[in-house]
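Novice: Have a look at the structure that comes next, please.
The values are calculated or read from the model by the stated rules, or taken from the named source; none is laboratory data. What you see is a predicted model, and the numbers here were worked out from it, not measured in a lab. Cβ: placed from backbone, ideal geometry, glycine included. Neighbour counts: every protein chain shown.
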Amino acid sequence: NSKGTNYWRNRVLKVAKEVSEINFAISDKDDFVHELNEFGIDFSKGDKPVVAGRDVDGNKYVMKSEFSIENLVAFAKDLIDGKLEPFIKSEAVPENNDGPVKVAVGKNFKELVSDSGRDALVEFYAPWCGHCQKLTPVWEELGEKLKDEEVDIVKIDATANDWPKSQFDVSGFPTIYWKPKDSSKKPVRYNGGRTLEDFIKYVSEQASSELKGWTERATPRRQRKSCKISE
């Protein structure tokens, strides 16, 4: 009801005046069920507000304590000071991730991609996307062809997991990024063709270390033969 809404709005406005470094917004829970789910909040009936926030990098946070002016002030200040643990939407981390294509989820993305210390080609896909389904066998073959190289071929279901959106801007599917081994270099969006040859050429050109089995023309590298002479 409007009377109850104004009651809570006035309390949020009071906090907004005290913590001016943050932008505050008020919305109806009924109209933002999807957004609540993105923060891991199941819709619940009741008059008291639920509070969620984002930092400048897009990380998501949820106030776990019951709403009050004091708790909202504390939550807002902890958000500014970086003291909160972010909520990460994630599928279960795969028990076995030794296949030619690594499976990233929200909870292992940093370890598997951002901080891996290896080059990586990452596909952000949606299970319902026809273009993604068409790419799947090519991506699997690419992983198989490059399994002995110092490069990881990775995929992540972008509909079921979070990732660092400030580094990887994804607005359609599939979206592919090259993540260099050197963490000081920014990820680069891939805009080339989607054949196996296209991908191998690109990886050969971008890789920090020369590929052992492939040339920059996507042809198998000839293995040097050795001749042993015994007396």
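Novice: Of a type in the set (A, V, I, L, M), over 28 Å from Phe39 (Cα atoms), in the same structural domain as Asp198 (by TED's automatic domain parsing) and in contact (Cβ under 8 Å) with a residue 12 or more places away in the chain - does that describe any residue in segment 151-172?
Specialist: Within segment 151-172, one or more residues are of a type in the set (A, V, I, L, M), over 28 Å from Phe39 (Cα atoms), in the same structural domain as Asp198 (by TED's automatic domain parsing) and in contact (Cβ under 8 Å) with a residue 12 or more places away in the chain.
Novice: If you don't mind, there's one more thing I want to ask. Of all residues in segment 185-216 being in contact with a helix residue (DSSP H, G or I) (Cβ under 7 Å, 6 or more places away or on another chain) and outside the structural domain of Phe173 (by TED's automatic domain parsing), which is modelled with the lowest pLDDT?
Specialist: Once the filter is applied, the top-ranked residue is Glu216.
Novice: Can you find, within segment 86-127, the residue that is nearest to the chain's Cα centre (by Cα) among those that are surrounded by fewer than 11 Cβ atoms within 10 Å (Cβ to Cβ) and without any contact (Cβ under 8 Å) to a residue 24 or more places away in the chain? Please lay out each step first, then the result.
Specialist: So in segment 86-127, the residues surrounded by fewer than 11 Cβ atoms within 10 Å (Cβ to Cβ) come out as 92, 95-96, 98, 115, 117.
Narrowing further to those that are without any contact (Cβ under 8 Å) to a residue 24 or more places away in the chain: 92, 95-96, 98.
Details: Ala92: 14, Glu95: 19, Asn96: 20, Asp98: 20 Å.
Result: Ala92.
Novice: Out of the residues in segment 10-25 that are surrounded by 14 or more Cβ atoms within 10 Å (Cβ to Cβ) and of a type outside the set (Gly, Ala, Ser), state the one that is farthest from Asp78 (Cα to Cα).
Specialist: Among them, the one singled out is Arg11.
Novice: Kindly establish whether Leu36 is surrounded by 10 or more Cβ atoms within 10 Å (Cβ to Cβ), closer than 26 Å to Ile156 by Cα and modelled with pLDDT under 90.
Specialist: Yes; evaluated as a whole, the condition is true for this residue.
Novice: So, one more: Criterion first (of a type in the set (A, V, I, L, M), more than 29 Å from Lys107 (Cα to Cα) and part of a loop (DSSP other than H, G, I, E, B)) does Ile41 satisfy it?
Specialist: no
Novice: Out of Ala74, Ala120, Ala126, Ala92, which single residue is in the same structural domain as Ile26 (by TED's automatic domain parsing) and among the small types (Gly, Ala, Ser)?
Specialist: Ala74
Novice: Would you check which residues across segment 44-63 are surrounded by 12 or more Cβ atoms within 10 Å (Cβ to Cβ), of a type outside the set (Asp, Glu) and assigned to a loop (DSSP other than H, G, I, E, B) and list them?
Specialist: The answer is Pro49, Val50, Val51, Gly58, Asn59, Met63.
Novice: Identify the residue in segment 151-167 that is out of contact with any helix residue (DSSP H, G or I) (no Cβ under 9 Å at 6 or more places or on another chain) and surrounded by 15 or more Cβ atoms within 10 Å (Cβ to Cβ) and, among all such residues, is farthest from Pro220 (Cα to Cα).
Specialist: Residue satisfying both the conditions and the ranking: Ala158.
Novice: Please go through segment 128-178 and give me each residue that is of a type outside the set (A, V, I, L, M), within 12 Å of the chain's Cα centre (by Cα) and in a strand (DSSP E or B), ordered by number.
Specialist: Matches in segment 128-178: Lys155, Asp157, Thr175, Tyr177.
Novice: Restricting segment 179-205 to residues that are among the charged types (D, E, K, R) and part of a helix (DSSP H, G or I), which is surrounded by the fewest Cβ atoms within 10 Å (Cβ to Cβ)?
Specialist: Among those residues, the one meeting the criterion is Glu205.
Novice: Would you pick out the residues in segment 117-137 that are under 11 Å from Val101 (Cα atoms) and among the aliphatic types (A, V, I, L, M)?
Specialist: Those that are under 11 Å from Val101 (Cα atoms) and among the aliphatic types (A, V, I, L, M): Ala120, Leu121, Val122.
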